1. Identify the residue in the stretch 293-306 that is assigned to a helix (DSSP H, G or I) and touching a Lys or Arg at 6+ places or on another chain (Cβ under 8 Å) and, among all such residues, is farthest from residue 260 (Cα to Cα).
2. Restricting to the stretch 325-353, name every residue that is of a type in the set (A, V, I, L, M), crowded, with 18+ Cβ neighbours inside 10 Å and under 17 Å from residue 90 (Cα atoms).
3. Those residues that are at pLDDT 85 or above and either of a type in the set (Val, Ile, Thr) or assigned to a strand (DSSP E or B) (or both), I need them from the stretch 86-101; list them, please.
4. Would the stretch 259-266 turn up any residue that is exposed (fewer than 15 other Cβ atoms within 10 Å of the Cβ), at pLDDT 85 or above, over 23 Å from residue 314 (Cβ atoms) and not hydroxyl-bearing (Ser, Thr, Tyr)?
5. Among the residues of the stretch 168-175, is there at least one that is charged (D, E, K, R) and in a strand (DSSP E or B)?
6. Quick check on the stretch 119-127. Is at least one of its residues in contact with a Leu (Cβ under 6 Å, 6 or more places away or on another chain), buried (at least 16 other Cβ atoms within 10 Å of the Cβ), small (Gly, Ala, Ser) and within 20 Å of residue 58 (Cβ to Cβ)?
7. Given the criteria of a type in the set (Val, Ile, Thr), part of a loop (DSSP other than H, G, I, E, B) and at pLDDT 80 or above, does residue 127 qualify?
8. Output the residue which, of all residues in the stretch 37-68 that are surrounded by fewer than 16 Cβ atoms within 10 Å (Cβ to Cβ) and aliphatic (A, V, I, L, M), is farthest from the chain's Cα centre (by Cα).
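The values are calculated or read from the model by the stated rules, or taken from the named source; none is laboratory data. Since this is a predicted model, take the numbers as computed values, not measurements. Here the Cβ is made from the backbone with ideal geometry for all residues, glycine too, and neighbour counts use every protein chain on show.
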Amino acid sequence: MKRNRAVHLILMISVFVSVFGTGDLAAGLSAVSLSVSRTILTPGEEFTVSFSATPALPGDAWIGIVPSAVPHGSETVNDQNDLTYQYVQGRTSGTMAFRAPMAPGSYDMRMNDTDNNGREVAFVTVTVAGQAAQPVQPIQSQGEATLRLERNSFRPGESIRVIFTAPGHYAADAWVGLIPSQTPHGSEAVNDQHDMTYQYVSKRTSGEMLFNAPGEAGTYDFRMNDTDNNGREVASVTFTVSAPAAQPAQPQGGEATLRLEQTNFRPGEAIRVFFTAPGHYAANAWVGIIPSQFPHGSEAVNDQHDTTYQYVSKRTSGEMIFNAPGQAGTYDLRMNDTDDNGREVATVTFFVY
């Protein structure tokens, strides 16, 4: 998205709203829909948006608040006029929390099928009226403690972003820890005995923390505790760590394949790609990252445009680790049967956002 989205996110305030009007602007996308929890809202009031989306939407599909007077249809136009936004991130359903704009008027929640010159595929209208409560407080500044994850399944060692809110009266040593789910809930002392890692809230009333997923598959919680001195557990969110499925070795004449566990990545994030390859491929058969806009089929063309690559080296199955490109966009991992004027034999697409 455009660079000033960071400013928009800082200004975001949440609100609860009901449906005022809905529209489906994409023929054939009956699975795409938006709804809101209340119709009429006051400036700065919190609301939630519920959505459903077809799995065919790319990871950079997004939902944003756009003034209703802005013409419908073009993602580019919506991108130029949105007040705030959130990515769908490959989910087929879910909810998002927003705050209503401070200026009274008519606004739409608009879903767009990609962040790259796409189209609007659904919208729902809300009305902002009246005056904001005085004073307008930061999100959850004195409210409940909450923990939220962008998704609930991770690979061993993968980076996890935890988004939190906490009342301002919590002690400076209130903390969030990673704890196996089988540990009994409620007691900070028990959580303290079993946490694998932790971070202090340090009097912040909202923010985010970065953790790494445990190395072993299983079910885990992030738990917030109101103090580090015989306190109590005040919030929890559960996630799973899944080990990748073992890749069977392919016979000598087997099929060339590429597979990813996920298709959405941040710039620089580690990408693990699983492959199979026939044993008769040349030792310099290779897999590379190539921007998706370049034509498929020719190894020579792929060789001209790859941003990085690794050789298969006569292996018939295995995995490779790449880093996602630094520039947002749509990319392919492509396998080529030789590095000497060969041919492309397998591909898989992913998104950097």
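1. Our first condition is that a residue be assigned to a helix (DSSP H, G or I); within the stretch 293-306, this holds for 299-305.
Among the residues that remain, those that are also touching a Lys or Arg at 6+ places or on another chain (Cβ under 8 Å) are: 299, 302.
Details: 299: 21, 302: 20 Å.
Among those that are assigned to a helix (DSSP H, G or I) and touching a Lys or Arg at 6+ places or on another chain (Cβ under 8 Å), it is 299.
2. 348, 352
3. Selection gives 86 alone.
4. The answer is no; no qualifying residue exists.
5. Within the stretch 168-175, the first condition is being charged (D, E, K, R), and the residues that meet it are 173.
Applying the additional criterion that residues be in a strand (DSSP E or B) yields none.
No, every residue in the stretch 168-175 fails to be charged (D, E, K, R) and in a strand (DSSP E or B).
6. Yes: one or more hits.
7. Spelling it out, it is not the case that residue 127 is of a type in the set (Val, Ile, Thr), part of a loop (DSSP other than H, G, I, E, B) and at pLDDT 80 or above.
8. The selected residue is 40.
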